[in-house]
Structure formats: C-alpha cells, structure tokens
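See below for the structure under consideration.
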Amino acid sequence: MLNPVFERIEAKQAVFIQRLMDYVRHPSISAHNIGIREVSQILVEMLTRIGLETAAIPTAGHPMVIGRWEKAPGAPTVLLYGHYDVQPPDPLDEWISPPFEPTIRDGRIYARGVGDNKGQHFAQMMALESHLAVHGKLPCNVIFLLEGEEEIGSPHIADFVQAHRDLLKADLVITADGHVHNTGTPVLKYGVRGVASFELRARGANRDVHSGNFGGVVPNPIWELVHLLASMKNSRGEVTIDGFYDHVIPPTPLEKKAVSRLPVDLEAIKAELDLDELDQPIERPFYDRLMFHPTFTLNGFHGGYGGPGSKTVLPHEAVVKCDIRLVEAQTPEEILGKIKRHVERVAPGVQFVPLDGMLPSKTPMDSPFAEPLRKGIYSAQGVAPLEYPCTGGSLPDYVFTKILKIPAFVTPYGNADESNHAPNENLALDCFVNGIRTGAAILAYLGAM
C-alpha cells in the first residue's frame, strides 16, 4: 500500500515543489493582518480539491481552516495541525532574494514562511493527496487544522478548540513544525515548554536630570530594576522567587533514557556562538536545560542614554522585558502571580506588567501511538528518529493535551539551518520531499494499528 504512494511522490517531486512555491508567494503576515483572509481561502480551495470537506471558520481574530476526511470506520483519527501565518519579513535589505518571490538556490527554496510553517503543512497536504490519488482513500481518518495566529501567540486557539471540541474529536495530534537534528537525523517530539512574558517598569523623577546635580539625590530607576532582578535569580542560575519550582514535574526514567541518546557537540556549539562556557549551572547537561527546567530570560533592558560617547544623565524611567519558559505542570497564571507578589514585596514602586502566556504540554513517551510514528519515520527516511521528551520552544499543543485530552506529537520536516523568523528563511528540497514521504508513511502505519 505504501510503495505505490512513494513512487507517486518521487514522480511528482517537481510538481509538488512548484506548487509549494506558488503557495508561499502569497504573504500571510498575522502581525500586520496582511493576506490572511486571502491565504485562508486559498487553503480552503486546495484542501477541497485534494478531497477534504473544508471551511474557513471565523474567530475573534484570524480564521481557522478545517479540512476533514472521515471515511475509514474503525481506524484512528489523526488531527494534523499547522499554521498558515508567517512572520514579518523585516529587515528586507538582508534578504538575498525578495521574501515573497520564492527562489531556488543550492537545493533550497528561499521565501518567508517556507520553513515556518507553510512548507511543512503543505508536505502533509501532498501526503494526503498522494494516498488519495493512488488508492482513492486514506488509511485513517484525518482532520486538518490550520491556524492564522500562531506567530502572534495563538490568542484565540484555546477558545476555538473549547467551543469546537466535537468538530475536532480525534485520537491524536501531529504537528509538522520546527527542524530536524543538526546532524540531519529526523526527530520525534513529545512535548513543548510553555511561556509567560512580562515587563518591569520603574520611574524616578518626572524627567531626565543632570547626574552631577541630582545623582545620589534622585532615585535611579535603572538601579532599582538591577536590584530587583538580582533578587529574582542568583549567580548559580537559580530563580529565587518564592514557590517558583513548586509544580515542576521531574523527568521520568523513560525521558531520561531518551535524552541520554541525543547527540550533542558542546564544543561546536560554544565555538559557533563564541562562548567560553554555557550559562549557570555549569554542571547541568545540555538537553536537560532545554527540556526539564524552566528558565528566566531578560529579553531587553531599556533606559537612559545609549548613543555614542557619554551623556551624564540620570534617567527618569527604565523598563526590562522578560520571559519565563515553563515546564509541566507550571502555568502562566501561577508563575506570573508569584512574580507579581515578589515585585510587590521587594520593589513596590516598580510596575509589573503581565503580557501573554502559553501552557506547556507533555505526552507520555509510552503512548501507544508512538510506535506507528517511529515506524512511519523509519520507513520514509531509512533512519530511526531521535526522540525528544520535550522541546525548548513553545507551540499551542496544550489545547490538544489539556482541552481535548489527547496525545500530541511534533514531527519536524525543516532543515536545522532554515533561518525561520530571520532573513533568507529556507527549506531544503530533500527535507520537503522527505516530509511528504514521512507524512504518507505515518498515515499508513496509523491505519494499520
């Protein structure tokens, strides 16, 4: 059943690549509301032509596109999630070719959104089309959910999933997003970290003042934030906010075993980033840092004069932007509440401004659906996947594991140097074709359960 599908994918490679280029030519920048409605309708038309019952469903923000093929009684139902919105292309002058004029160079397509995430969910679509063209049916039931707001934090997906639980009833979720290991080995991911973002704002006088005339007299808001931040994390890398680690779930033996198998070249990483050492705590293993521990990051610190030369000024305001990466079972509400109480106790004059947040998600590695996914990846690519209990970044998988209460997996198809969110975003042609093959094989092995 699978070999004829692989043969068709091989024969149609050039056609699939051209159709992907036609697709990514259309901007769909959610942050600026550029092209979103148009691309959602393009997707409705494409999925309908493939053979899915498809509609664009309005939300309080951008539309969700849902396609359905449910003609395999007794077989599992897989929900394929992706997002059709893309990041803004700025800075434009750093692109070698225009971001919305897809170009092939050195075996890669260069275009905004080709890696994140249009090329990857388009590969899933071509996998469906290939099965239907060869066999006239799919090996399992499929729901395709494509979001238009992932790049702005998925502000409406939780409400949408909650309101449409019956429409999204499935046995598992697969997201094709992110990239393979930097060795080129495919990966299978079982979870994602969450995130909680906030600002700290301090004010002093009603205007900037002379540091000689007012230094030591007028409070300095930059120093106020420095002292506050020092009370929140120590030199050993430990977050010192009361109760911060209370709900962290330690890794299971199965997760520890999986991480022990992941290859890493610390010296190469340090050389690439021009680092002498990793962050504290020095003894913590590389992947443990990204999967099993929450982090507290300062994204930006702004205040006072930053131009050339000196300016003896005492600034009247300062702001620091921060994010916390969350692990299971922390929540944005819990952590932001603890930070708020810490700020009120240590620096009551500082304004705490909570921003957006996203829950973490975790699927047990002994899920019965893990084996058909492993087999599908191996069948398509000829190598067993590396298995990640969790990934360092964030995706809205929690809506599936915590609202729909079904397992969620991530099977990335992108190359490790895809430059997503940056100029010259790209997708290697062999990664795209492997993605189609992998998507097709996973469907076949799920159908054989």
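The values are calculated or read from the model by the stated rules, or taken from the named source; none is laboratory data. Just so you know, these numbers come straight off a predicted model, no measurement behind them. A quick note on method: Cβ atoms are made from the backbone with ideal geometry, for glycine too, and the neighbour counts reach across all protein chains shown. When the accessible area is computed, the model is the full protein with side chains, heavy atoms only, and any ligands, DNA or RNA have been set aside. Shrake-Rupley method; radii C 1.70, N 1.55, O 1.52, S 1.80 Å.
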Conditions (1) open to solvent by 10 Å² or more (accessible area, probe 1.4 Å); (2) farther than 19 Å from G439 by Cα; number of the one not met by S28: (1)
Qualifying residues in region 329-345 (those that are over 13 Å from A202 (Cα atoms) and either of a type in the set (A, V, I, L, M) or at pLDDT below 95 (or both)) - the one farthest from the chain's Cα centre (by Cα): I339
Members of region 29-80 that are under 23 Å from G136 (Cα atoms) and hydroxyl-bearing (S, T, Y): T48, T54, T77
Residues being open to solvent by less than 30 Å² (accessible area, probe 1.4 Å) and over 27 Å from S154 (Cβ atoms) - total across region 344-363: 2
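Scanning for something more than 22 Å from the chain's Cα centre (by Cα), part of a loop (DSSP other than H, G, I, E, B) and surrounded by 14 or more Cβ atoms within 10 Å (Cβ to Cβ), does region 250-261 turn up at least one residue?
The answer is yes; a qualifying residue exists.
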Of residues in region 152-188 being open to solvent by 70 Å² or more (accessible area, probe 1.4 Å) and of a type in the set (S, T, N, Q), the one nearest to Q120 (Cα to Cα): N182
Tabulated pairs, region 53-79, first polar (S, T, N, Q) and part of a strand (DSSP E or B), second at pLDDT below 95 and surrounded by 15 or more Cβ atoms within 10 Å (Cβ to Cβ), C-beta under 9 angstrom, 6+ apart or interchain: none
Members of region 80-102 that are β-branched (V, I, T) and either assigned to a helix (DSSP H, G or I) or touching a Lys or Arg at 6+ places or on another chain (Cβ under 6 Å) (or both): V86
Of all residues making up region 141-151, the number that are farther than 12 Å from I57 by Cα and either assigned to a loop (DSSP other than H, G, I, E, B) or open to solvent by 70 Å² or more (accessible area, probe 1.4 Å) (or both): 1
